[in-house]
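Structure first, commentary second.
The values are calculated or read from the model by the stated rules, or taken from the named source; none is laboratory data. Here the structure is a predicted model, which is why all the values come from computation and not from measurement. When we count neighbours, we look across all protein chains shown, and the Cβ atoms used for this are built from the backbone with ideal geometry, even at glycine. For the accessible areas, the whole protein counts, side chains as well, though only heavy atoms, and no ligand, DNA or RNA atoms are used. Shrake-Rupley method; radii C 1.70, N 1.55, O 1.52, S 1.80 Å.
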Amino acid sequence: MWGGRFEGGPAAVMREINASLPFDKRMWRQDVAGSLAHAAMLGAQGIIADEDAAAINRGLREVAADYERDGVPDDLALEDIHMLTEARLAEKIGPAAGRLHTARSRNDQVATDFRLWVRDAIDETLAAIARLRAALLARAEEHAASVMPGFTHLQSAQPVTLGHHLMAYHEMAGRDASRLRDARARMNLCPLGSAALAGTGFPIDRHATAAALGFDGPTRNSLDSVSDRDFALDYLQAAAQCALHLSRLAEEFVLWASQPFGFVSLSDQWSTGSSIMPQKRNPDAAELVRGHAGRIVGACTSLMITMKGLPLAYSKDMQDDKPPVFEAHDLLALSLAAMTGMVESATFRTERMREVAESGFSTATDLADWLVREAGVPFREAHHVTGRAVAAAERAGVKLHELPMAELQAIDARIGEGVYEVLSVDASVRSRRSYGGTAPDQVRARIAEAREQQS
């Protein structure tokens with residue numbers, strides 16, 4: 001490629017370290033698409049002859065068919081997917097292939113290909129998140145009134161419903177989708193035509209190539225165009241945040257599937273066994289989702305460190321931009337698919353959830369609220385009264401709603417019979433009717449809103 005300047009070839013190690021084909025070949029579809037748009041523009045602008053433009057178009061489509069059928073061959077002598085495709089094109093159509101690279105550089109070529117790939121990756125990830133959200137909605141609707149313990153500090157706090165709990169993850173996934181949509185909108189400008197760093201003297205039409213490739217328009221600064229990888233970092237940061245949410249849900253499944261909790265049974269599809277303990281059913285899929293989150297965060301950090309000290313415009317360090325993005329995409333796709341499958345197929349043990357919700361004095365706040373609402377007691381005083389009631393129940397070894405009225409009134413005479421109407425877990429969750437609360441009717445209302453927004 002640069003034989004006019006160099007007399008000798010590269011050392012074997014230099015050839016290996018310099019080659020990106022083993023990983024950037026997965027961008028072949030984007031590379032062919034960018035080249036087709038560029039060639040068409042060159043022909044339309046009269047920069048190359050119509051017959052050359054037609055030959056390039058035909059040859060690129062033949063190369064693409066070869067890749068689709070046989071895969072992309074590894075040829076380190078050709079360095080990257082861009083040079084490989086041009087070499088294969090020359091085999092198809094001869095010297096006319098050499099005109100394809102007119103008015104462009106590999107710098108703007110790779111920047112365009114990579115943006116196209118990340119844009120496609122965002123679309124795939126958005127579709128996967130939509131499937132997870134649909135699964136969460138379906139199970140939340142099924143369990144809108146199923147009582148379970150709500151935790152703070154992993155201690156029983158207040159009863160909630162399983163539907164409400166699952167809808168919390170639906171909200172998280174919605175924010176993940178929003179971040180990805182924002183990233184897609186921000187990156188949807190086309191670098192093609194920026195050439196190496198300064199633009200080109202040929203009378204190209206950058207708006208035409210941008211439109212042909214589905215971009216909103218061309219980028220506005222050629223230096224920034226070839227050196228920018230914000231779009232990749234935006235994707236990685238959104239992927240990392242999504243992976244953190246998946247990891248939290250996975251952790252809940254790991255805990256819930258353990259014998260001390262017993263809240264969920266994972267299907268055989270999403271469990272494994274032990275080589276020596278036949279009784280084991282291990283939540284390995286959930287644990288791997290949890291583990292993948294660390295690798296995705298690491299991928300984001302890797303590219304941030306690569307980019308942090310690079311002067312304008314292009315540096316070879318940027319060849320290392322793609323592996324972390326590819327890895328994060330693949331791991332996130334697996335994690336989303338696995339988590340969706342687990343949500344869809346899990347058997348929730350609602351009787352066990354209710355049993356735990358009824359322990360740990362989780363309706364204590366309801367007693368305090370009753371005192372405020374019915375007896376006009378200031379909340380801080382009601383909190384103190386309730387604490388004494390909890391201590392009495394703990395000493396007696398009974399649940400809060402099992403304390404006799406005489407004992408409750410001995411603690412505070414303002415407590416009346418009506419308090420028993422709020423001390424059950426069902427009454428507690430029914431009472432939490434504020435917007436976004438855990439009351440079953442509120443959960444169903446939020447599910448209906450979510451379905452309306454997605455329709």
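Things worth noting here:
- Helix 162-187 and the long axis of the chain differ in direction by around 20°, with both axes built from C-alpha atoms.
- Spin-label model, Ala77/Leu288: points 7 Å from Cα along the beta carbon direction are separated by 4.0 nm.
- Cα centre as origin, Lys/Arg/Asp/Glu Cβ charges: the chain dipole, Debye: 440 debye
- Here the spin labels are modelled as points 7 Å beyond Cα on the Cα-Cβ line, and at Glu351 and Lys316 they lie 6.8 nm apart.
- Degrees between helix 440-454 axis and first principal axis of the chain (Cα, 0 to 90, nearest 10): 10 degrees
- Amide H to amide H distances under 5 Å link Asn282 with Thr272, Gly273, where only residues 5 or more positions off or on other chains count and H is placed in the peptide plane.
- Between 0 and 90°, nearest 10: helix 50-70 axis offset from the chain longest Cα axis: 50 degrees
- Neighbourhood charge, 12 Å Cβ-Cβ cut-off, centred on His245 and excluding it, Lys, Arg +1 and Asp, Glu -1: +1
- Glu452/Gln45 FRET efficiency (R0 45 Å; Cβ-Cβ; nearest 0.05): 0.40
- Heavy-atom accessible surface of Val160, to the nearest 10 Å², is about 30 Å², with a 1.4 Å probe and all protein chains retained.
- Under 21 Å of direct C-alpha separation, and excluding same-chain neighbours fewer than eight residues apart, Lys25 reaches these lysines: Lys92, Lys316, Lys322.
- The modelled label-to-label distance between Ala392 and Asp268, using points 7 Å beyond Cα along the C-beta direction, is 5.4 nm.
- Taking a sphere under 12 Å around the Cβ of Ala445 and counting the other residues whose Cβ falls inside, with K and R at +1 and D and E at -1, yields a net charge of 0.
- Largest-first principal axis extents, alpha carbons of the range 12-102, Å: 42, 27, 20
- With a Förster radius of 60 Å applied to the C-beta separation of Leu189 and His383, the computed FRET efficiency comes to 0.60.
- Of the residues Ile81, Ile305, the one with the largest accessible area comes first in the ranking Ile305, Ile81, computed with a 1.4 Å probe on protein heavy atoms.
- Added length on full extension, which subtracts the Cα-Cα distance from 0.36 nm per residue, Ala196 to Glu171: 4.7 nm
- Here, the chain yields an orientationally averaged convex hull projection of 29.8 nm² when only Cα atoms define the hull.
- Positive-end residue, the range 108-219 charge dipole about Cα centroid, Cβ charges, pick of Met172, His153, Ala211: His153
- Added length on full extension, which subtracts the Cα-Cα distance from 0.36 nm per residue, Ser178 to Leu255: 24.8 nm
- Whole-angstrom gap from the range 53-90 to the range 181-246, using each part's C-alpha centre: 24 Å
- 20 Å cut-off, amide nitrogen to a point 7 angstrom out along His207 Cα→Cβ, residues in the range 30-68: 37-47
- Rounded to the nearest 0.05, the FRET efficiency derived from the C-beta distance between Met304 and Asp330 at R0 = 22 Å is 0.70.
- For Lys308, a cut-off of 17 angstrom between C-alpha atoms picks up these aspartates and glutamates, skipping any fewer than 8 places away in its own chain: Asp224, Asp228, Asp230, Asp234, Asp317, Asp320, Asp321.
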